[in-house]
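Okay, so here's the structure we're looking at.
Values in this text are rule-based calculations from the coordinates and carry no lab data. Predicted, not measured: the structure shown is a model, and the values here were computed from it. Heads up, the Cβs are rebuilt from the backbone with ideal geometry, glycines too, and the neighbour counts pull from every protein chain shown.
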Amino acid sequence: MPSLLDEITTPSDLKTLSDQQLAQLADELRVDVIEAVSRTGGHLGSSLGVVELTVALHAVFNTPKDKLIWDVGHQCYPHKVLTGRRAGMGTLRQEGGLSGFTKRSESPYDPFGAAHSSTSISAAHGFTVARDLGQDTGDAIAVIGDGSISAGMAYEALNNAGAEGRRMFVILNDNEMSIAPPVGAMSKYMSGLAGTALAQLNAFGQDIETVLPGPMRDHARRARELVTGAVASQGTIFEELGFEYIG
């Protein structure tokens with residue numbers, strides 16, 4: 001089977017692929033990241049955990065005009081491969097080579113440089129303010145994990161963004177894993193959402209999707225199927241990817 005990854009030069013190339021091809025691309029991307037990190041060392045687990053999510057986001061959003069912000073830079077390796085830096089992955093974390101994190105001077109697809117956690121929502125909020133003041137930027141998307149979102153800075157950002165009601169996206173990557181399994185009240189609370197509360201949220205999401213314009217509804221469905229690898233009822237994108245306005 002021909003390699004799809006060999007044909008990808010920028011994320012815009014993903015928009016021409018079918019859902020089946022995007023799933024194949026994710027498989028190839030995972031192997032590519034493993035091979036690169038086996039030579040250079042690095043944070044493998046965090047990157048492997050967002051392969052499908054990375055493909056879905058770049059297929060749906062218009063980066064780099066839309067600002068994709070990874071809360072923890074450790075998980076950006078698949079993102080680097082898809083944004084024109086595949087040939088340089090052999091220099092990852094080496095002197096004079098690619099950074100192990102997102103880095104603004106390295107690529108226009110890295111709009112915010114960060115290594116460790118809890119700054120992504122604040123950064124995304126800043127980009128939305130700039131957009132609403134007339135700057136030529138699109139949507140802002142923050143990807144934050146269940147370990148990172150327990151930090152005070154993340155709550156401050158959610159508080160500010162929610163109060164202002166601006167259009168932005170916050171994706172909670174709730175995989176119950178940080179550097180180690182997370183602990184504390186927030187982790188326990190989110191783990192418990194698999195019960196009645198999540199079912200209610202699912203029903204709420206289905207109601208919302210019925211009134212979305214056709215293209216937006218289709219993009220939401222495609223992103224959810226790419227990330228989960230399964231076709232579920234319409235509307236579940238709101239619980240699985242968090243594609244909803246904060247407010």
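When the listed pairs 65/103; 80/188; 15/103; 67/188 are checked against a 23 Å cut-off, the alpha-carbon distance exceeds it for 80/188; 15/103; 67/188.
Arrange the peptides 150-162, 40-52, 70-82, 93-105 so that the one whose residues have, on average, the most other Cβ atoms within 10 Å appears first.
On the way: 150-162: 16.8, 40-52: 18.3, 70-82: 25.4, 93-105: 14.6.
In decreasing order of mean packing, 150-162, 40-52, 70-82, 93-105 become 70-82, 40-52, 150-162, 93-105.
List the relative contact order of segment 1-118 as a percent without decimals, with contacts defined as Cα pairs under 8 Å and 6+ residues apart.
RCO, segment 1-118: 28 percent.
Of the residues 168, 1, 186, the one with the fewest other Cβ atoms within 10 Å heads the list, and the complete ranking is 1, 186, 168. Label positions at residue 153 and residue 6, each projected 7 Å from the Cα along the C-beta direction, are separated by 4.2 nm.
For a paramagnetic label modelled on residue 30 (point 7 Å from Cα along Cα→Cβ), amide N atoms under 16 Å away belong, within segment 71-114, to 77-79.
Taking square-rooted eigenvalues a ≥ b ≥ c of the alpha carbon gyration tensor, is segment 34-187 rounded, prolate or oblate, where a/c under 1.5 means rounded and, failing that, a/b exceeding b/c means prolate? Can you show the working numbers first?
Details: a/c = 2.03, a/b = 1.25, b/c = 1.63.
It is oblate, given that a/c is not under 1.5 and a/b is not larger than b/c.
When peptides 85-92, 17-24, 124-131 are sorted by average Cβ neighbour count within 10 Å, with the highest value leading, the order is 124-131, 85-92, 17-24.
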